[in-house]
Amino acid sequence: MKNMFTSVNRIIRCLIIDLFSLVSCENITSDNQKKLKEKLQTADSLLLASENAQATTILHSIDIEQYITKPQIINYYLLYAASKTLERKTQISSAEKALKLFDNEDFISKHKDLYFKTLVLNGDVGYESKNYLSDLNFYVEAKSLIKESDFKNGYILSRFAQLYFEQKDYENAAKYNLKSYYLTKSCYERNLVSQRYFRPEMSLNNAGFCYFKNNQLDSAAKYYKQFE
């Protein structure tokens, strides 16, 4: 039997970053703003390709004072939060700065996708620091912004699974991995998810390992077999 808890986080995280491409809602007309936009898009693409060092170098070259809209500034901070080359405290600080800019309900209503992404990344960076209760609150609020059938919900369900796993509640961890699998597989079959990032069967392996940890060997074997 496999003895690794295969994570789908990087795959779906890349998907989420890709879907919320870093483009301001306002028209950008000046050459300077166009260059800033291009830098953000380049950094975004590098992060998707796991070229974190190059992405961070580009982000360091950007003068935050040149930004003219809150969505641009938020996206800048979120890219920093997503970079794996930075210290954890810097990632957390960047994610928190992005979140603080959602300072009124009207702005949140106009930028729900960006708010969703901000909540998720705050949960993700907190997870790495084992702030599980805080992470759960971020994920629950993010989940409230989307429909149950939304493929992004597959990522939230997978995060619930990991939080249960960390608490050694392996049965619920398996359950949420399976929920994530069936939802995202359905979206995949309806061409709502990019094939370049997505392997829904990885959640089956996660579920199998959770059942294995819970000594439910028949269930573990069942999902390991489906994974193969």
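The values are calculated or read from the model by the stated rules, or taken from the named source; none is laboratory data. Quantities reported herein were computed from a predicted structural model and do not represent experimental measurements. Because the Cβ atoms are built from the backbone with ideal geometry, glycine has one as well, and the counts that use them run over all protein chains shown. We work out accessible area using only protein heavy atoms, side chains counted, and drop any ligands, DNA or RNA first. Shrake-Rupley method; radii C 1.70, N 1.55, O 1.52, S 1.80 Å.
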Practice task
Work out how much length Asn131 to Ala53 would gain on full extension: take 0.36 nm times their residue separation and subtract the Cα-Cα distance, in nm to one decimal.
Solution key: 25.5 nm
Problem - Cα-based shape type of the stretch 32-93, given that a ≥ b ≥ c are square roots of the gyration tensor eigenvalues and the cut on a/c is 1.5 - result: oblate
Practice task
Hand me the GluC sites (Glu not before Pro) from the stretch 63-130 located in a DSSP loop with no more than 13 other Cβ atoms within 10 Å, in residue order please.
Solution key: Glu87
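Taking the Cβ-Cβ separation of Asp103 and Gln226 as r and a Förster radius of 41 Å, what is the calculated FRET efficiency to the nearest 0.05?
Working: r = 46 Å, r/R0 = 1.13.
With R0 = 41 Å, the Cβ-Cβ based efficiency is 0.35.
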Exercise for the section: Would you work out if the stretch 111-228 is rounded, prolate or oblate? Take a ≥ b ≥ c from the square roots of the eigenvalues of the alpha-carbon gyration tensor; rounded if a/c is under 1.5, else prolate when a/b is larger than b/c, oblate otherwise. Expected result: oblate
Practice task
Enumerate the calculated ³J(HN,Hα) couplings along the stretch 132-137 in order (Karplus 6.51 cos²θ - 1.76 cosθ + 1.60, θ = phi - 60°), each rounded to whole Hz, writing x wherever the residue is Gly or Pro.
Solution key: 5, 5, 4, 4, 4, 4
Exercise for the section: Tally up the carbon and sulfur contribution to the accessible surface of the stretch 78-180 as a whole percent, 1.4 Å probe, everything protein left in place. Expected result: 49
Fill in the blank from the handout: At the level of C-alpha centres, the distance separating the stretch 126-186 and the stretch 66-104, in angstrom, is 22
Fill in the blank from the handout: Note to self: with every protein chain in place and a 1.4 Å probe, the stretch 54-164 gives an accessible area per residue in Å² of 45
Handout entry: Ser129 long-range amide H proximity, modeled H, under 5 Å
Key = none
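Would you calculate the convex hull of the Cα atoms in the stretch 136-184 and tell me its volume per residue in Å³? All intermediate terms of the calculation are to be shown ahead of the outcome.
Values: hull volume 2.7 nm³, N = 49.
With only Cα atoms used, the stretch 136-184 gives 55 Å³ per residue.
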Problem - Under Karplus coefficients 6.51, -1.76 and 1.60, residue-wise ³J(HN,Hα) of the stretch 36-50 in Hz, glycine/proline x - result: 4, 4, 5, 5, 4, 5, 5, 4, 4, 5, 5, 5, 5, 8, 6
Practice task
Identify the trypsin sites (Lys or Arg not before Pro) of the stretch 86-184 meeting these criteria: DSSP loop state and at most 16 other C-beta atoms within 10 Å of the C-beta.
Solution key: Lys130, Lys147, Lys168
